[in-house]
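First the structure, in the form of structure tokens, and then the observations on it.
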Amino acid sequence: MIAFIRGKVAAYGTDWIIVENNGIGWQMSYPHTADLRLNSDVSVYTYMHVTENDVSLFGFESQEEKELFLRLISVKGLGPKTAMNMLAHSGYSTVIMAIEEGNVAALKKMPGIGAKSASQIVLDLKGKLVAAPVKASANTPQYPPEIQDALEGLKGLGFKPAELTPAASKMLETPGKTTAEYIRIGLQFLNR
């Protein structure tokens with residue numbers, strides 16, 4: 001099995017990417033094509049789906065996203081193309097949040113998901129997804145993706161949501177940093 005491919009973006013479309021690696025172009029479904037640039041370096045975590053009539057490669061931005069995809073396709077009646085469309089349309093955090101909150105209505109808004117599928121997803125996966133994102137409520141501000149990812153990482157280290165709100169405020173004071181830099185800022189703030 002191909003676990004990941006590291007190379008350059010040779011081409012991409014609305015839902016696919018070709019990664020050139022050692023003279024071989026690997027074409028796969030990919031949910032984040034809006035973030036790509038031609039000839040940029042990329043690492044893509046992959047899943048190879050083999051059926052009687054087809055061999056397909058699916059690519060993911062992170063190992064966590066790939067794990068969520070694998071959990072989704074374990075749900076009866078949910079195929080890899082539908083799971084990929086869910087991630088492309090809604091994103092990793094939104095999918096996990098909808099499942100963990102048992103929000104069938106939010107799941108039904110995702111492409112290819114009806115009432116029966118949404119209920120089955122919640123039944124099979126609720127409470128089983130690790131590294132769930134920091135939950136947002138109506139009065140919780142939406143942070144830039146790098147800060148949101150940093151907050152999820154800090155939550156995974158055991159920090160409570162009440163501790164993360166002031167840490168997020170501190171991160172917002174220095175815009176334009178990477179997720180790793182925001183984690184360092186958060187740790188410095190929380191360990192003071």
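All of the numbers you see were taken from the coordinates with simple rules; none came from a lab. If you're wondering where the values come from, they're calculated on a predicted model, not measured in any experiment. Cβ sites come from the backbone with ideal geometry, for glycine too, and all protein chains shown count toward neighbours.
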Among the polar types (S, T, N, Q), touching a Phe, Trp or Tyr at 6+ places or on another chain (Cβ under 7 Å) and surrounded by 11 or more Cβ atoms within 10 Å (Cβ to Cβ) - does that describe any residue in the stretch 38-46? yes
Per the filter on the stretch 114-130, residues surrounded by 14 or more Cβ atoms within 10 Å (Cβ to Cβ), among the hydrophobic types (A, V, I, L, M, F, W, C) and farther than 22 Å from S62 by Cβ are A118, V122
Would you check if S56 is within 25 Å of A10 (Cβ to Cβ), touching a Lys or Arg at 6+ places or on another chain (Cβ under 7 Å) and surrounded by fewer than 18 Cβ atoms within 10 Å (Cβ to Cβ)? no
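In this structure, is L87 more than 15 Å from the chain's Cα centre (by Cα), crowded, with 18+ Cβ neighbours inside 10 Å and in a helix (DSSP H, G or I)?
Working: more than 15 Å from the chain's Cα centre (by Cα): no; crowded, with 18+ Cβ neighbours inside 10 Å: yes; in a helix (DSSP H, G or I): yes.
No.
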With respect to T94, is the statement that it is under 12 Å from the mean Cα position of the chain (by Cα), among the polar types (S, T, N, Q) and within 30 Å of A118 (Cβ to Cβ) true? yes
